[in-house]
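> One structure follows; several queries about it will come next.
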Amino acid sequence: MYRLVYFVLGAAMLAEFFSTPGVHGGPNFGVLPSPLRFLPEAMTGIVAVYVLFAGVRKQFHRIPVKYWFLFGALSLILVCGILANDEATGPVLNGMRYYLRAIPVFFLPAILEMTDEQLRRVLRYVTGLALLQTPISMYQRYVLESGGHSSGDGVSGSLMDSGAMTLILICVICVLSAAMLRKRISKLTYAALFVMLLIPISIDETKVTIFVFPPALLATFLIAAPRGKKIRVIVTAFLFLFIGGSIFIPTYNYFNRLNTPKDEQFTITDVITKKGFIANYLGNHATVGRGEVGHVGRINAVEVPLQYLSKDPIKLAFGLGMGNVSRSSIGPAFIGKYFDTFAPFAVGFDSGSFLLETGLLGFLIVLMIHWNIYRDAVFVARHDPDLIGDIAIGWVGTSVVVFVGIIYTGLHGNAGVSYLYWFFSGVVTARLAALHRGQVRTRRAAMLPLQVAAADGIAQRMPHGG
């Protein structure tokens, strides 16, 4: 049954790409019928049925109780928001598609109880999907340049969004970093994969890379560093950051000079050092009725919704209703009532859409869920020397990516990102529950005491006589 994972993750990464015309003037890969863009949702239905029936039989013992409370609280808030705003059925169904479609995948690893070998195959498959972004994005860049486009927004790989592609590739690099640090792959293999994945990150001109990539990679390396070797590991992390910067910065600056009018050109150095650049990028004084989609600052996407919702305590608590501020490609009946009013603050921003549609309570619950996933990843990374421990190390860096992504882009609305994130988060949390219940016998636990001591570097201090 674990093969279902291949279909789910593959559909999430590729279905919409191969059934939708090119975005932002990019090449058209839409060779499949348009309805196939809903394949991830169809796969979710299969997963949900399997999780329900198999989970009842296994009593969901590998799902930490706290997640039942958190998801239950979020569900209650969503229902309250729908009822408080007397929301129409169409927007509710559209909202369910974006908010809930990947959640059953979170529970799937706890039910499947995959072996390390099965999980290793899934990781190779996901790495292959990630590497596929390189040739696709290079061709997209070529087509855009040939057509005279001045932006890298159309360089989105199969993810349909350049920001989402950048962030998901950084997550993959974090997991590969853990594999290298735990000697699952060689440094040479890691370096080759690192450079290949950095190509699409560089040519899509996403500025968030300079703010999220360094802390995510450093967090990954730090949590994996053995005691007494932290300095060496940190030096290695900075070496790869230097390699990454040597590729990303000149590439970004080149395309900016090539396609941007001279009076609007800037370099990555300007982004960091030029007075007022970041302030203008994060906030541009947009207000309700004054702002365009794609031209609203990241701070505005939080500030403006809070100002509006604070006029009504009920709306501040529960928002305007799930899907009530969302657009829809299905039809007019599914477009949210408040979409025209708040589109600039919701389209492309998880922070704005969460606040507007789920209120302050919903937004805080979402942050609590992600915070708990981060804490679980730290625990598993420190206590599990096996394959899932490697994933947990990478998931510490991934948590940095997710927290930044909530502010920077529409991460959760992207099928590829959300399905991958929730599946591997489920892998980590299921292992946490198993470790707490003593249901996992790791390789370390199977070692003889002397072998454990040797692995910790203290065997030499033991008496030779035993």
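> Can you pull out the residues in the range 64-108 that are touching a Lys or Arg at 6+ places or on another chain (Cβ under 8 Å) and either crowded, with 23+ Cβ neighbours inside 10 Å or assigned to a helix (DSSP H, G or I) (or both)?
A84, P91, listed by residue number.
> Within the bounds of the range 189-207, is there any residue that is surrounded by fewer than 22 Cβ atoms within 10 Å (Cβ to Cβ), more than 20 Å from V126 (Cβ to Cβ) and within 17 Å of the chain's Cα centre (by Cα)?
yes
> May I pose another question? If you check F221, F213, which single one turns out to be buried (at least 20 other Cβ atoms within 10 Å of the Cβ), farther than 14 Å from I249 by Cα and in contact (Cβ under 8 Å) with a residue 12 or more places away in the chain?
F221
> Something else about it: Scan the range 355-410 for residues that are hydrophobic (A, V, I, L, M, F, W, C), farther than 21 Å from I63 by Cα and touching a helix residue (DSSP H, G or I) at 6+ places or on another chain (Cβ under 6 Å) and report the count.
Selection size over the range 355-410: 11.
> With the structure loaded, tell me whether A192 is of a type in the set (A, V, I, L, M) and within 18 Å of A392 (Cα to Cα) or whether it fails that test.
no
> Would you pick out the residues in the range 344-389 that are at pLDDT 95 or above and basic (K, R)?
Listed by number, the list holds a single entry, R375.
> Still on this model: Evaluate the following for R141: is it basic (K, R) and buried (at least 21 other Cβ atoms within 10 Å of the Cβ)?
Considered against the rule, which asks whether it is basic (K, R) and buried (at least 21 other Cβ atoms within 10 Å of the Cβ), R141 comes out as yes.
> Is it the case, given these coordinates, that A392 is closer than 28 Å to F7 by Cβ, in contact with an Asp or Glu (Cβ under 8 Å, 6 or more places away or on another chain), of a type in the set (G, A, S) and at pLDDT 95 or above?
Considered against the rule, which asks whether it is closer than 28 Å to F7 by Cβ, in contact with an Asp or Glu (Cβ under 8 Å, 6 or more places away or on another chain), of a type in the set (G, A, S) and at pLDDT 95 or above, A392 comes out as yes.
> For the subset of the range 176-226 comprising residues that are closer than 29 Å to E145 by Cβ and not in a helix (DSSP H, G or I), which member is modelled with the highest pLDDT?
D204
> Please identify the pairs in which a residue from the range 180-203 that is in contact (Cβ under 8 Å) with a residue 40 or more places away in the chain has its Cβ atom under 9 Å from the Cβ atom of a residue that is loosely packed, with under 14 Cβ neighbours inside 10 Å and of a type in the set (K, R), counting only partners at least 6 apart or on another chain.
No pair meets every condition.
> Taking only pairs six or more apart or across chains, which ones have beta-carbon atoms under 6 Å, a first residue in the range 10-33 that is in a helix (DSSP H, G or I) and hydroxyl-bearing (S, T, Y), and a second residue that is at pLDDT below 85 and crowded, with 16+ Cβ neighbours inside 10 Å?
Qualifying pairs under 6 Å: S19/G30; S19/L32.
> Okay, next question. Looking only at the range 50-106, count how many residues are of a type in the set (A, V, I, L, M, F, W, C) and at positive phi.
Summing the residues that are of a type in the set (A, V, I, L, M, F, W, C) and at positive phi in the range 50-106 gives 1.
> Additional query: Can you name the residue in the range 133-167 that is assigned to a loop (DSSP other than H, G, I, E, B) and modelled with pLDDT of 80 or more and, of all such residues, is farthest from the chain's Cα centre (by Cα)?
Going through the qualifying residues, I end up with V155.
> Taking only the range 278-328 into account, find how many residues are among the basic types (K, R), at pLDDT 85 or above and in contact with a helix residue (DSSP H, G or I) (Cβ under 8 Å, 6 or more places away or on another chain).
1
The values are calculated or read from the model by the stated rules, or taken from the named source; none is laboratory data. Values in this document were obtained by computation on a predicted structure and should not be read as measured data. Positions of Cβ are backbone-derived with ideal geometry, glycine not excepted, and every protein chain shown enters the neighbour counts.
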